[in-house]
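What follows is a set of notes on a single structure, which appears directly below.
Just so it is clear, none of the values below were taken in a lab; they were calculated from the coordinates. Computed from a predicted structure; not experimentally measured. No Cβ is skipped: glycine too gets one built from the backbone with ideal geometry, and neighbour counts run over all protein chains shown.
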Amino acid sequence: MRKSFGFSLPALFVGLLAVALSAHSAVPLVNGKNGLPTLAPMLKDVTPAVVNISVLTRAAIEENPLFRDPFFRHFFNLPEQAARPERSVGSGVIMDAANGYVVTNYHVIKDAQQVVVTLKDRRQFQATLVGTDPGTDIALLKIDAKNLQALHFGDSDLLNVGDFVVAIGNPFGLGQTVTSGIVSALGRSGIDIEGYEDFIQTDASINPGNSGGALVNLKGELVGINSAIVAPTGANVGIGFAVPSVMVKAVLDQLVRFGEVRRGRLGATSEDITHDLAASLGLTSTEGAIISTVEPNSPAEKAGMKPRDVVMAVNGKSIRDSMDLRNKIGLMPIGETINLGLIRDGKPVIARVTIATPLDVPGTEAETVPQLAGATVANLKGGTSRSRIEGVLVTRVDANSPAWRHGIRPGDIIIGANRKKVRSVREFLAVLRTSEDSIVLNLLRGDFRLTLIIR
C-alpha cells in the first residue's frame, strides 16, 4: 500500500523554490494573481538592458579555385573578388546608460563592416567600436541614445556551484529570450577558445545568438557575459559558458581608458601543483601555482621571487592553479603594484610586484607583413632578459586594422607559424608565403603562450 505524506510534488517544488529564493529579498517569491513563484518582476527590470546585435560583414563569394590564384588574376587582369554581404545576429548588454556603452563578445563583431544595436523597445542605433580584447572575447560598443537602462555588476567571485542563474539573449535571431538554470561549474578553461579562460559553466540554455548576452543572478545583477556553448549538434546540449563579471569589468575599464587591454608581465613562469609535488613541498592541497623560472632583471626577480615559490593569492584572492594565476595577472594594468601571497620553505611570504610592460624586447628595423595587414615585425636582438627566446617581435599594430582584429598586439613574440618554428623575419615570411586558407600563429604575450588562427 502506497503511503501518503500529505503534499503533492508541485507543492513540494514550489516550497523548495521559495526556500531557494528566500535569500534574495529583492526577488518577489509569489505572483499575486495565481500564488506561484515567478521571476517576472526581476526580469522586467533587467531585460531592457539586454540588446540585439546585428552585424553586417563581407565574405568572398566561392568561385573556381583558379580565381583565388593571385598570379592567375594578375595575368588575365581580373578585378578583385566580388563580395556578398552576410548578416549575423548576437546579443549585447548596456553597461553604462549615460555614455551609451554596450558590451558584447568579440567574436560577434569580428570583421564587422556595420553594427546595429536594437533595444527592447525596438529603437535601432548604429554602433561605433570603442575597443576589443580577443583574449577574453570581449568587445565594447558605443551608441548615441537617450533613456537607456544599464545592468548592475554583480561579483562573480561570490558564485557557487548550484546557484540559480538566468541567461538572456537573442537565440537564433528569434528575439529576446530568457532561460534559467544553475551554475554547474566554475573556473572552466581549455575550451579551445583563444586567450584568457575562466568560464562560468551553466546548464541555462545558451544557443547561437545568445553570445554577448547577460547571465544574471536572482537579484538581477550581471555575473557573466554568455560566450560559448558545447554544441556537437549545433544547438545547446546543457553546457554553456560565460565570461565572469569580474573579468568583464576589468577588461571594460581598460577599453574605456585606452581602447585596448594593456597586459604586462611578471617575468616568471608557473606550473600546476601535483599531489607528489605538494607532498614534497609540505603542502596540504594542490591549490596554488608553483614558480618554475624567474627571468633575470624581471619584475619578479626585483620583488625577490624565486623558483619553487608557491603563489597562493593575488591581492588577497586565492589562486586555484597556474591558469588562474595567468588570468588574474592578465587583468592587471601595466604599472600596477600587486601583492602576491607566497609559500616559501613552508612559510608565508608577501611579494610586492609591479607589473611591467612587455615592450622591453628591442628589435631591428621593422618590416610589414602582407598577410597581417596593419602590423610590423622585426628580428629580436640579444642582450636582453629574454635573449634566449627565438622568434619575431611584433613592433606595431594599427588600431582596428585586420591584424588588430585578429588579436595580434604590439609586444607579441611570434615563435611559430603553421606548426613550424620561426627564428627570424625571413623564416616567418617564408612560412607565410606557403600558407593558403589560414595561418596558425604561436605567440608569447607577457609570460604566457597563445595560439591565434587567422583565416
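Tabulated values for the structure
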| quantity | calculated |
| --- | --- |
| Lys347 versus Arg423: modelled label distance in nm, points set 7 Å from Cα along the beta carbon direction | 4.5 |
| Under the Karplus curve 6.51 cos²θ - 1.76 cosθ + 1.60, θ = phi - 60°, whole-Hz ³J(HN,Hα) for the range 140-148, x wherever Gly or Pro sits | 10, 10, 9, 10, 9, 8, 10, 6, 8 |
| Pairwise label distance in nanometres, Gln114 with Arg308, each label 7 Å out on the Cα-Cβ vector | 6.4 |
| Order of Ile273, Ile200 under a 10 Å beta carbon neighbour criterion, fewest first | Ile273, Ile200 |
| Taking Val377, Val256 and counting other C-beta atoms within 10 Å, the order from fewest to most | Val256, Val377 |
| Shape category assigned to the range 108-163 from the gyration tensor of Cα positions, a/c cut at 1.5 | oblate |
| Whole-Hz ³J(HN,Hα) from phi, Karplus 6.51 cos²θ - 1.76 cosθ + 1.60, for the range 125-130, glycine and proline x | 9, 7, 9, 10, 8, 7 |
| Modelled FRET efficiency - R0 35 Å, Arg455 with Arg122, Cβ distances, 0.05 increments | 0.50 |
| Residue order, fewest to most surrounding Cβ atoms within 10 angstrom, among Lys421, Lys146 | Lys146, Lys421 |
| Equivalent ellipsoid, the range 96-140 (semi-axes from 5 times Cα gyration tensor eigenvalues, Å) | 19, 12, 9 |
| ³J(HN,Hα), Karplus 6.51/-1.76/1.60, whole Hz, each residue of the range 290-302, x for Gly, Pro | 9, 6, 9, 9, 10, 6, x, 6, 8, x, 5, 5, 5 |
| Extension gain (nm, one decimal) between Ala98 and Ser189, 0.36 nm per residue minus Cα-Cα | 29.3 nm |
